[in-house]
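The values are calculated or read from the model by the stated rules, or taken from the named source; none is laboratory data. Worth saying up front: this structure is predicted, and the values here are computed from it rather than measured. Here the Cβ positions follow ideal geometry from the backbone for every residue, glycine too, while neighbour counts run over all protein chains shown. SASA here: full protein model, heavy atoms, side chains in, ligands and nucleic acids out. Shrake-Rupley method; radii C 1.70, N 1.55, O 1.52, S 1.80 Å.
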Amino acid sequence: MRIDSHQHFWKYDPIRDSWITDEMSAIRKDFLPAELKKVYEENKVQGCVAVQADQSEKETAFLLRLAEENDFIKAVVGWVDLKSATVEERLLHYSGLKKIKGFRAITQGQPDDTYLLNKDFHRGIRLLQQFGFTYDVLIYHYQLTAAIKFTEKFPDQGFVLDHLGKPDIRNREIKKWIAGLKILAQHPKLFCKLSGIITEADWKNWTYNDIYPYLETAAEYFGVERLMYGSDWPVCLVAGKYKQVIEIIEKFLEQVNDEEKEKVWGKNAIQFYNLAI
């Protein structure tokens, strides 16, 4: 079974979605389940995890509604204000909704003390474990040191690193990323998504050989037991087609056996997010 552990839906709003720049014009439109379902049928993907792209509970409700209407959306990673004094009440509310499995904040590029080193944020993270929720870590490669300090404070929390920590594939910078990833991966409950890979490369000129060293490093440090496939659709469309993302992972997994392939394609995501399949 193939589970896409990382994709997004939105009804395009030029103000809310101002992060979509002119060079990303290919994704300046609505992306909804009907379109993705066709993509999945073409690529033999049976289910997905819808991940927040906007920091609002309004979007969390939007994603949950789509998940209730579309069975192939197996889970939602939403947003809640983890720094709020009332976060425990909100988590109690979400604990009664079966398809929300975890949360994420847009920490990439933010000053480290805004989230990763923030005491109020840490309080919210501590509450996640109490309610059985996961947390997606979204950072750029240069934030790995702060992410290490952050995750080591919560040894029992289920974390997953989005997009391999956004390495600078485009400029082929890898040494500092490798050093940081090696330490981060020592957290026993931290998984890694093989997602967002072509968007961190040269959008127009990337090759498999550009991406392979980063996948190989992630596999070395996390092992097949803590890797999961993710597309980052529709963001991936700025650099290629969904089928190309699938083909990269297929080629990379040629070196492992069928049981190990099944783990990366779906079993690890099912385990991590406790999906009802």
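Some points to look at:
- Shown for the chain: the carbon plus sulfur share of the solvent-accessible area, taken with all protein chains present and a 1.4 angstrom probe, equals 48%.
- When 17, 81 are compared by accessible area at a 1.4 angstrom probe, the order from most to least is 81, 17.
- Ellipticity at 222 nm from helices only: DSSP H runs of n ≥ 4 in the chain, each -39500 (n - 2.57), divided by the residue count, give -10500 deg cm²/dmol.
- Mean separation of Cα contacts under 8 Å, 6 or more apart, over the residue count of the chain: relative contact order %: 20 percent
- Each label point was placed 7 Å from the Cα along the Cα-to-Cβ direction; for residue 22 and residue 37 their separation is 3.8 nm.
- Between the stretch 199-277 and the stretch 1-64, the Cα center-to-center distance that results, in Å: 18 Å
- DSSP bridge orientation in the chain - percent antiparallel, rounded to nearest 5: 5 percent
- Qualifying chymotrypsin sites (Phe, Trp or Tyr not before Pro) in the stretch 66-110, DSSP loop, other Cβ atoms within 10 Å at most 10: none
- Measuring only protein heavy atoms, the 1.4 Å probe finds residue 153 accessible over about 110 Å².
- Surface accessible to a 1.4 Å probe, per residue, for the residues of the chain, Å²: 46 Å²
- Global form of the stretch 1-65, assessed from the alpha-carbon gyration tensor, a/c cut-off 1.5: oblate
- Taking a straight line from the alpha carbon of residue 98, these aspartates and glutamates sit under 13 Å away, with near neighbours fewer than eight places off in the same chain left out: 68, 71.
- Read-out Cα extents along the principal axes in Å, derived from the coordinates shown; its label in [x] 47, 41, 41; [y] 49, 47, 39; [z] 73, 42, 41: [x]
- Relative contact order of the stretch 31-94, pairs being alpha-carbon contacts under 8 Å that are 6 or more residues apart, as %: 32 percent
- Each peptide in 111-120, 180-189 was scored by the mean count of other Cβ atoms within 10 Å over its residues; highest first, the order is 180-189, 111-120.
- Protection-proxy order for peptides 166-172, 197-203, each taking the mean of Cβ atoms within 10 Å per residue, highest first: 197-203, 166-172
- Among the protein heavy atoms, those of residue 106 account for about 40 Å² of accessible surface (1.4 Å probe, every chain in place).
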